[in-house]
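The values are calculated or read from the model by the stated rules, or taken from the named source; none is laboratory data. The shown structure was predicted, so the numbers you read here are calculated from the model rather than taken from an experiment. Methodologically, a virtual Cβ is constructed for each residue, glycine included, from the backbone with ideal geometry; neighbour enumeration extends over all protein chains shown.
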Amino acid sequence: MQTAPRNLPAAPGRARSAHGLVLLALLIMIVLVGIGALGAAELWATTLRRDREEQLLFVGDQYRRAIRSYWRMSPGRHAYPPSIAVLLTDDRFPVPVHHLRRAYRDPMTESGEFEPIVQANAIVGVHSTSTDEPIKQAGFRAPYQDFQGADIYARWQFVFLPPGARTFTPGVAPSGPIPSASPPNDVFQGPAPGAFVPQPPAGN
């Protein structure tokens, strides 16, 4: 009478080899998951910075347009604002004018404070204080073509200069007297979505 063959245990060496392959596959999977997570984090960080750059361009343009509005509406001789506060409430008229909807914060810095660009004790523009390198290096619209190739965000300087003023050099504060000129014809992008556009007081 023949007996059924028994299943013999695997050889010890073969069992260790299979166990090692499983561990190797597991390690490879962990490494791949880590690389994927790192790539996703870098992509998210880049996307977030691009979004903040767009915010900076929008907010900076609000300040430039507010300074321009203050200058154009000045009674008599054109003048730049002495402070950011007067852009929020300009009481030179019977009915106060709000050239700037609110004091926007710098999206590129933890402090959130813009640095005013001062000329002859008046504000001609603002800029970020961030020393990080911009991702956006080209494709800027007027009047911000000079931002191209900037090495830090602080060189994105949102300045209003009327016709007759010398060209403003990014990174260098303008000097000399503030010129008086006719209402400007500088390139204007038009109001951004939801932006307040100040109007002259009635009767002026």
Exactly one of LEU26, LEU38, LEU8 is aliphatic (A, V, I, L, M), out of contact with any Cys (no Cβ under 9 Å at 6 or more places or on another chain) and at pLDDT 70 or above, and that residue is LEU26
If you go through the range 118-154 one residue at a time, how many are closer than 22 Å to PRO81 by Cα and crowded, with 18+ Cβ neighbours inside 10 Å?
-> 10
Pairs with Cβ under 6 Å, 6+ apart, first in the range 46-69 and more than 28 Å from VAL86 (Cβ to Cβ), second outside any helix (DSSP H, G or I) and among the hydrophobic types (A, V, I, L, M, F, W, C) = ARG49/ILE135; ARG50/ILE135
When you look at ALA25, is it more than 22 Å from the chain's Cα centre (by Cα) and not in a helix (DSSP H, G or I), yes or no?
-> no
